[in-house]
Amino acid sequence: MLCMEVPVTDMQHVNGGYFLLQVHSPAQAALVRPGHFFMLGMQHADFSADPLLNRPISVLDCTPDDHTAPAAIHFLIKEAGRGTRLLSRLRAGDNLLCHGPLGTTFPEPSPECRLILVGGGVGIAPLYFCARRWSATHDMALFYGGRSVTDLPLQGLLPQTGLREVILLTEDGSAGRRGLVTEPLPEYLASNPGAKVYSCGPNAMMEAVARITAHVDAQLWVSMENRMGCGLGACLGCVLPVIEGDKTAMVRICKEGPVFRGEQIDWKIRY
Amino acid sequence: MDLSVQIGPLRLKNPVMTASGTFGYGLEFADYLDLNALGAIVVKGLSLQPRPGNAPPRIYETAAGMLNAIGLQNVGVEEFVTTKLPALRQYDTPIIANALGNTIEEYTEVCRVLAHTEGIAAVEINVSCPNVKEGGIHFATEPAQTGRVTEAVRRVMGDMPLIVKLSPNVTHIVPFARACRAAGADAVSLVNTFVGIAIDLDTMRPRLSNLTGGLSGPAIKPLAQRLVWEVCRDVDIPVIGIGGIMNATDALEYMALGAVAVQVGTANFIRPDAARQIVAGMADFCAARGITRLENFIGAFLRRETS
């Protein structure tokens with residue numbers, strides 16, 4: 001992993017306070033896999049004292065600038081506080097402190113494996129990346145949900161993923177089917193035994209997915225998030241209790257995660 | 001140009017150390033900077049037994065700073081010596097172990113192990129962690145108690161340099177530094193984090209599971225510098241300045257106030273190579289000012305004050 005200042009090459013505002021940020025960094029792009037995240041700096045050449053800490057952001061995509069090597073790293077970010085608001089003001093030509101790629105990744109699926117993606121809101125980012133990487137070679141489906149259509153910032157881009165099966169759900173029925181993203185899952189998983197499920201979204205959603213996959217023939221991976229200090233395993237600020245055999249250990253989301261096996265997460269913990 | 005400094009019996013090639021708890025066990029940063037470029041590495045605090053630390057959430061960002069309540073999560077001193085330290089020995093940067101305990105016996109047991117371990121250059125005892133109920137904080141609230149633990153540790157340490165890391169959460173810092181000196185400490189490091197609290201007005205819940213946490217970052221720099229200045233002025237003991245150092249200017253301010261060395265903490269989280277950059281910035285400063293020995297610059301502000 002590398003920590004360097006890189007140029008912003010594109011910024012697009014999407015609906016609902018979401019934005020798409022693109023940076024040019026061939027050295028980092030060469031290392032990026034679905035599930036990775038970066039710590040994005042608050043401001044430019046010198047330390048900004050306030051806000052202070054870099055923000056952990058999942059990689060949405062990684063694309064070549066030319067026809068050979070990956071160079072552009074894309075992020076989907078939701079404006080949620082002071083830090084993400086500052087990031088939203090970046091423009092092409094600005095420099096951004098980019099530290100990564102960091103953390104664990106979703107496992108590369110075996111050729112015959114059926115892959116089911118379950119995402120909520122901004123949690124779509126790493127799943128979009130999975131779809132872009134593997135939809136041409138794998139049998140994949142995406143279940144994508146949110147409260148309302150404004151919580152599905154990427155739905156316009158989903159055709160680019162090459163996914164054949166995309167099931168949208170909103171709680172208010174403003175896009176796709178009305179209901180929770182998890183509602184169609186039990187039936188779908190029952191008719192697709194042996195599938196791998198990759199999930200990212202609100203903890204309550206992932207917990208519901210874990211409850212479903214526990215009762216069917218499916219393996220679940222989830223991408224967790226938390227406030228982070230350093231992103232590289234030093235500050236121990238982002239830990240969560242993870243079940244390892246018959247023990248529970250405080251494990252760093254930034255280093256041993258963010259991607260974990262679903263059954264490792266102790267969903268009872270609220271924070 | 002000579003950036004080297006002397007901390008009691010310990011000679012460092014430059015005054016920039018990494019603060020305990022912000023640099024892991026050192027190796028986490030080897031991909032980002034040449035560890036040999038640092039004055040010293042202070043590793044995460046070590047207790048006799050491993051500790052799980054506090055429940056999340058453990059950190060919360062505040063204006064120009066951050067609160068943390070990690071709760072001294074660590075692998076324990078034996079595990080450190082057997083699994084972490086061997087890989088650190090390849091570097092020619094002094095490794096300073098940070099030791100903690102609930103009782104004087106625990107401090108002395110940890111320090112006894114460290115004093116007999118090859119590859120440890122010095123021990124810094126943490127008598128001041130604000131985030132665990134028995135984290136040694138009671139040793140930090142009365143000078144006599146600080147003196148007692150320092151004296152007990154000094155006895156088991158042999159010739160190994162001993163640094164005492166003091167809490168800023170006291171009314172007067174000077175008596176604590178005096179107690180450390182009298183008990184045989186080679187240096188004091190000033191300061192640990194300031195105790196703070198942050199709450200969520202919507203839920204009326206604390207931002208940290210531990211309720212209170214330790215404040216670090218640029219927000220505390222003037223507070224910490226005041227304490228460093230007071231001790232440097234009044235007590236004849238080497239001081240290591242800590243608190244909100246983000247760049248060479250911040251570090252040099254501490255040295256002008258009398259600190260013989262500095263520790264970089266929170267900045268490591270933002271730029272993993274921050275400490276290396278600060279060493280480079282110090283060299284630039286010396287070159288620009290025609291300073292051939294940085295040691296001669298220590299206390300420049302104090303001398304001006306008294307002249």
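The values are calculated or read from the model by the stated rules, or taken from the named source; none is laboratory data. All values reported here derive from a predicted model rather than from experimental measurement. Don't worry about glycine lacking a Cβ; one is built from the backbone with ideal geometry, like all the others, and counts go over all protein chains shown. Heads up: the accessible areas ignore ligands, DNA and RNA and are worked out on the full protein's heavy atoms, side chains in. Shrake-Rupley method; radii C 1.70, N 1.55, O 1.52, S 1.80 Å.
For this structure, a couple of remarks:
- Residue count, the stretch A:234-257 (criterion: of a type outside the set (A, V, I, L, M, F, W, C), within 14 Å of chain B (Cβ to nearest Cβ) and outside any strand (DSSP E or B)): 4
- The set of residues in the stretch A:213-237 that are under 19 Å from B:Leu27 (Cα atoms) and crowded, with 24+ Cβ neighbours inside 10 Å comprises A:Gly229, A:Cys230, A:Gly231, A:Leu232, A:Ala234, A:Cys235, A:Leu236, A:Gly237.
- Residue list for the stretch A:78-105, filter: over 16 Å from A:Arg227 (Cβ atoms), away from chain B (no Cβ under 14 Å) and more than 17 Å from the chain's Cα centre (by Cα): A:Ser88, A:Arg89, A:Leu90, A:Arg91, A:Ala92, A:Gly93, A:Asp94
- Strands (runs of 3 or more DSSP E) contained entirely in the stretch B:1-98, each with at least 1 residues that are more than 9 Å from chain A (Cβ to nearest Cβ): B:5-7, B:10-12, B:16-18, B:40-42, B:65-68
- Qualifying residues in the stretch A:207-233 (those that are part of a helix (DSSP H, G or I) and touching a Phe, Trp or Tyr at 6+ places or on another chain (Cβ under 8 Å)) - the one nearest to the other protein chains (Cβ to nearest Cβ): A:Glu207
- Of A:Ile167, A:Ile124, all but one fail to be among the hydrophobic types (A, V, I, L, M, F, W, C) and open to solvent by 10 Å² or more (accessible area, probe 1.4 Å); the exception is A:Ile167.
- Options A:Arg85, A:Arg133, A:Arg91: the member that is assigned to a helix (DSSP H, G or I), in contact (Cβ under 8 Å) with a residue 60 or more places away in the chain and over 18 Å from A:Met205 (Cβ atoms): A:Arg133
The rows are residues; the columns are (1) open to solvent by 10 Å² or more (accessible area, probe 1.4 Å); (2) within 14 Å of chain A (Cβ to nearest Cβ).
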| position | (1), (2) |
| --- | --- |
| B:Val239 | no, no |
| B:Ala248 | yes, yes |
| B:Ala251 | no, yes |
| B:Ala256 | yes, no |
| B:Asn268 | no, yes |
| B:Arg276 | yes, yes |
| B:Asp284 | yes, no |
| B:Ala288 | yes, no |
| B:Phe297 | yes, no |
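- Scan of the stretch B:159-180 for residues that are among the hydrophobic types (A, V, I, L, M, F, W, C) and in a loop (DSSP other than H, G, I, E, B), ordered by number: B:Met160, B:Leu166, B:Val170, B:Ile173
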